[in-house]
1. When region 109-139 is examined, which residues are found to be under 24 Å from Trp82 (Cα atoms), more than 14 Å from the chain's Cα centre (by Cα) and either surrounded by 18 or more Cβ atoms within 10 Å (Cβ to Cβ) or not assigned by TED's automatic domain parsing to the domain that holds Ala90 (or both)?
2. Looking at this structure, is Ile80 β-branched (Val, Ile, Thr), within 24 Å of Pro141 (Cα to Cα), in contact (Cβ under 8 Å) with a residue 60 or more places away in the chain and not assigned by TED's automatic domain parsing to the domain that holds Leu8?
3. Tally time: how many residues in region 144-162 are in contact (Cβ under 8 Å) with a residue 24 or more places away in the chain and either small (Gly, Ala, Ser) or closer than 16 Å to Ile66 by Cβ (or both)?
4. Give the residues of region 15-31 that are closer than 11 Å to Ala5 by Cβ and either at pLDDT 90 or above or within 22 Å of the chain's Cα centre (by Cα) (or both), sorted by residue number.
5. Quick check: is even one residue across region 79-93 surrounded by 14 or more Cβ atoms within 10 Å (Cβ to Cβ), of a type in the set (Phe, Trp, Tyr) and within 14 Å of the chain's Cα centre (by Cα)?
6. Quick one: in region 28-55, of everything that is without any contact (Cβ under 8 Å) to a residue 40 or more places away in the chain and of a type in the set (D, E, K, R), which residue is surrounded by the most Cβ atoms within 10 Å (Cβ to Cβ)?
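The values are calculated or read from the model by the stated rules, or taken from the named source; none is laboratory data. This one's a predicted model, so the numbers in the text were calculated from it and none came from an experiment. When we count neighbours, we look across all protein chains shown, and the Cβ atoms used for this are built from the backbone with ideal geometry, even at glycine.
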Amino acid sequence: MIRNAHRLTPKDGRRWKEYRRRVIENPERERALTMLDSGHINIPKELKLEGATHADCLLECTEAIIWIEGKRNDWLAPNIDWDITRDQLARNLDAALRYGQTLGKDFWLLICHEYDLKHHEQALVDGYRLGTWTAGFPHLPPDTRARFKQKIGTVRWQRIFQHWPALFAPVESATSVST
């Protein structure tokens with residue numbers, strides 16, 4: 001994102017001057033990019049455009065990881081403060097890709113949701129799956145963005161419960177005590 005800072009648009013346009021000064025014109029920018037390219041993540045605070053992200057559940061399998069984003073009463077965030085096109089789905093796909101790479105494994109992102117996806121959520125999922133929406137990844141090459149098309153799954157919690165009822169049945173005691 002730092003390398004593509006000229007392509008990002010802050011959510012609050014009144015903060016553009018601050019953003020330009022903080023990132024685009026920052027004299028530490030090139031040094032920070034060199035550090036990031038070499039695997040170091042401790043860069044100047046002014047150049048950090050996103051906070052940490054995490055999976056709600058992470059399954060590590062033999063050959064892949066499954067990054068699970070659980071949604072019950074909230075929804076996928078449509079943007080971050082420093083870029084109106086960088087959404088939560090893009091952040092999670094990016095993080096799942098990078099985490100999978102560190103382990104030498106493939107990756108998948110699964111969105112488990114309680115209710116129907118909101119309009120913007122469905123538009124994001126469809127856009128990334130069809131490859132028609134790529135704005136959340138200005139820093140990734142086209143071949144990497146294309147991989148995301150088949151890496152997004154969605155499932156409602158209710159469907160999980162229907163397909164695996166034995167997992168959620170009460171456990172019966174193996175021993176009983178009679179008096």
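1. The answer is Trp133, Pro138.
2. Values: β-branched (Val, Ile, Thr): yes; within 24 Å of Pro141 (Cα to Cα): yes; in contact (Cβ under 8 Å) with a residue 60 or more places away in the chain: yes; not assigned by TED's automatic domain parsing to the domain that holds Leu8: yes.
Spelling it out, Ile80 is indeed β-branched (Val, Ile, Thr), within 24 Å of Pro141 (Cα to Cα), in contact (Cβ under 8 Å) with a residue 60 or more places away in the chain and not assigned by TED's automatic domain parsing to the domain that holds Leu8.
3. The total comes to 9.
4. Within region 15-31, Arg20, Arg22, Val23, Ile24, Glu25, Asn26, Arg29 qualify.
5. The initial filter retains those residues of region 79-93 that are surrounded by 14 or more Cβ atoms within 10 Å (Cβ to Cβ), namely 79-93.
Imposing the further condition that a residue be of a type in the set (Phe, Trp, Tyr) reduces the set to 82.
Applying the additional criterion that residues be within 14 Å of the chain's Cα centre (by Cα) yields none.
No, region 79-93 contains no residue that is surrounded by 14 or more Cβ atoms within 10 Å (Cβ to Cβ), of a type in the set (Phe, Trp, Tyr) and within 14 Å of the chain's Cα centre (by Cα).
6. Of everything passing the filter in region 28-55, Arg29 is surrounded by the most Cβ atoms within 10 Å (Cβ to Cβ).
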